[in-house]
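Participant: Here it is, the structure, as structure tokens.
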Amino acid sequence: MGKDLLAFVVMVIVQLAFAGMIIITKLVMDGGMNPFVQSAYRPIFATISIAPFACFLERKSRPKLTRSILFQIFLCSIFGITVNQYVYFIGLKNSTPTVVSAIDNLIPAFTFLIAVPVGAEKLRLRSIAGQAKLLGTIVCVGGAMLLSLYHGKVVIGQLGFHWKYAESTGKDVNSSGHGNFFSGPFLVIMSSLTYAIWLIIQGKVNEKYAAPYTCITLMCLMASVESVIIGFCVVPKLSEWALNPIRAISVVYNGVVCTSFAYFLSSWCIERKGPLYVSMFNPLLLVISAFLSWTLLREKLYLGVVVGSIIIVIGLYGFLWGQKMETSTDDDIEVVVNKEKNQSTKIDLELQLPQNPSFNGHPSAARTEL
């Protein structure tokens, strides 16, 4: 009971951390911080914060780093951090925290859609589990399209009080929610897609290179170089890279808390409760982000966003239910196969024992020979 409660509290903390990242990042970008600058600073601070753990915890157990693995880590840095952060932050700037956190729930569905063609997953349409996963994926995508393209009437209006700093930015968070589809929600959808691609590649890397902290350090280091080069090409003015207190808090928080700290906690929960348990907390990010954006940034909640978010969550849990059923079935099959294999081995040994010339009817002689 204590371990279950601890895992629950840890995952709530992780979702709170991510919700804080969305709110503070939205705030500083509305205040004039360029998304390319924000994207460049995050992996730098992430590298600095996670490198010591890689040096001390994996110093003796770190496997050999081959060129093939290094290239795969390079691909992870592109899809998992560089490109992912660019489209995510630009989409966040032209959208709202509620929309962004709702679209984040597409990641499991996109991962499934990519994993099937590359052979990492099987479709299994003849099984109820396979049908649930496919239907859940379709429902998730449909919900994302609804909240992206349709707003409707205001369901919950602006709150009477809000964060004063948000007012000083001179930009209404609701105005960005009605921006261009391709510069807002579409880019956030693309960030979920690139993150799903990273999950597939990272899974292959983990099979060959069992040093997760070293891997994430290298990935963040590569992404730092990539992001700084691209950032200076897009934003060459040094004045745009200056960090006032709130911007400094944003980039340090995003790098240290939402990359290193959240990675540690999520890995701890995955090890003890499994990846499915961790995925079930994704909708909590939507609830927390919507509440914080409503209270601090005075975001209005529209009918299309609310209905679309509910549809996405329903599709996500439908997908996760199918995934759980499929995993349970595979585990049961594996247990039966191993049991039959052990019985077959036992029978073979029993058939071979009487033919042994050193076996003279004494059980002790047979055990010695084996």
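The values are calculated or read from the model by the stated rules, or taken from the named source; none is laboratory data. What you are looking at is a predicted structure, and each value in this text was computed from that prediction instead of being measured. Counting neighbours? That spans all protein chains shown, and the Cβs are built from the backbone with ideal geometry, glycine included. The protein model used for the area step is the full one, side chains on, heavy atoms only, and it has no ligands, DNA or RNA in it. Shrake-Rupley method; radii C 1.70, N 1.55, O 1.52, S 1.80 Å.
Participant: Please calculate how many Å² of accessible area the range 98-157 carries per residue, with a 1.4 Å probe and no DNA, RNA or ligand atoms counted.
Facilitator: Ligands and nucleic acids excluded, the result is 47 Å² per residue.
Participant: Please report the orientation-averaged projected area of the range 183-281, defined via the convex hull of its C-alpha atoms, in nm².
Facilitator: For the range 183-281, the mean projected area of the Cα convex hull comes to 8.4 nm².
Participant: For the range 217-234, just list the computed ³J(HN,Hα) in residue order, Karplus coefficients 6.51, -1.76 and 1.60, θ = phi - 60°, integers in Hz, with x standing in for Gly and Pro.
Facilitator: 5, 4, 5, 5, 5, 4, 5, 4, 5, 4, 5, 5, 4, 5, x, 6, 5, 7
Participant: Using the heavy atoms of the protein chains alone and a 1.4 angstrom probe, what is the accessible area of the range 222-285 per residue in square angstrom?
Facilitator: 50
Participant: Would you mind counting up the charge near residue 154? Only other residues with Cβ under 13 Å from its Cβ, with Lys and Arg at +1 and Asp and Glu at -1.
Facilitator: Once positives and negatives cancel, what remains is +2.
Participant: Ok, one more. Hey, if we sort 104, 4 by accessible area with the 1.4 Å probe, largest down, what's the order?
Facilitator: So, going from the largest accessible area down, we get 4, 104.
Participant: Tell me, what ³J(HN,Hα) does each residue in the range 66-71 have, in order and in whole Hz, if you take phi through Karplus 6.51 cos²θ - 1.76 cosθ + 1.60 with θ = phi - 60° and put x for Gly and Pro?
Facilitator: 8, 5, 5, 5, 4, 5
Participant: In vacuum, with every alpha carbon of the range 44-167 counted as one equal point scatterer, what does the Debye formula give for log10 I(q)/I(0) at q = 0.12, 0.22 Å⁻¹? Two decimals, please.
Facilitator: The computed values of log10 I(q)/I(0) come out as -0.80, -1.31.
Participant: Is any residue of the range 209-229 close enough, with backbone N under 12 Å, to a label point placed 7 angstrom from the Cα of residue 66 along the Cα-Cβ axis, and if so, which?
Facilitator: Label zone hits: 209.
Participant: Same structure, new question: Roughly what would the spin-label model give for residue 287 and residue 5, points 7 Å off Cα along C-beta, in nm?
Facilitator: Each label point is offset 7 Å from its Cα along the Cβ direction, giving 1.9 nm.
Participant: Still on this model: So what's the range 79-140 giving for Cα Rg divided by 2.2 N^0.38 Å, two decimals?
Facilitator: For the range 79-140, the normalised Cα radius of gyration is 1.37.
Participant: Determine the relative contact order of the range 1-147: mean sequence separation of Cα pairs under 8 Å and six or more apart, normalised by residue count, in whole percent.
Facilitator: Contact order relative to length: 26 percent.
Participant: Taking 0.36 nm per residue of sequence separation and subtracting the Cα-Cα distance, how much length would be gained by fully extending the chain between residue 238 and residue 16, in nm to one decimal?
Facilitator: Contour length minus the Cα-Cα distance gives 76.6 nm.
Participant: Report Rg(Cα)/(2.2 N^0.38 Å) for the range 1-71, keeping two decimals.
Facilitator: It is 1.60.
Participant: Follow-up question, since we're still on this one. In whole angstrom, how long is each semi-axis of the equivalent ellipsoid of the range 26-106, when you take the square root of 5 times every eigenvalue of its Cα gyration tensor and sort them from largest down?
Facilitator: Equivalent ellipsoid of the range 26-106: 31, 15, 12 Å, largest first.
Participant: In whole Hz and in residue order, list the ³J(HN,Hα) couplings for the range 309-326 that follow from phi through the Karplus curve 6.51 cos²θ - 1.76 cosθ + 1.60, θ = phi - 60°; x for Gly and Pro.
Facilitator: Karplus-based 3J(HN,Hα) across the range 309-326 equals 5, 4, 5, 4, 5, 4, x, 4, 5, x, 5, 5, 5, x, 5, 5, 4, 5 Hz.
Participant: Starting from the amide H of residue 299, placed 1.01 Å from N in the peptide plane, find each other amide H under 5 Å away whose residue is 5 or more places distant or on another chain.
Facilitator: Residues meeting the criterion, in which the H sits 1.01 Å from N, are 294.
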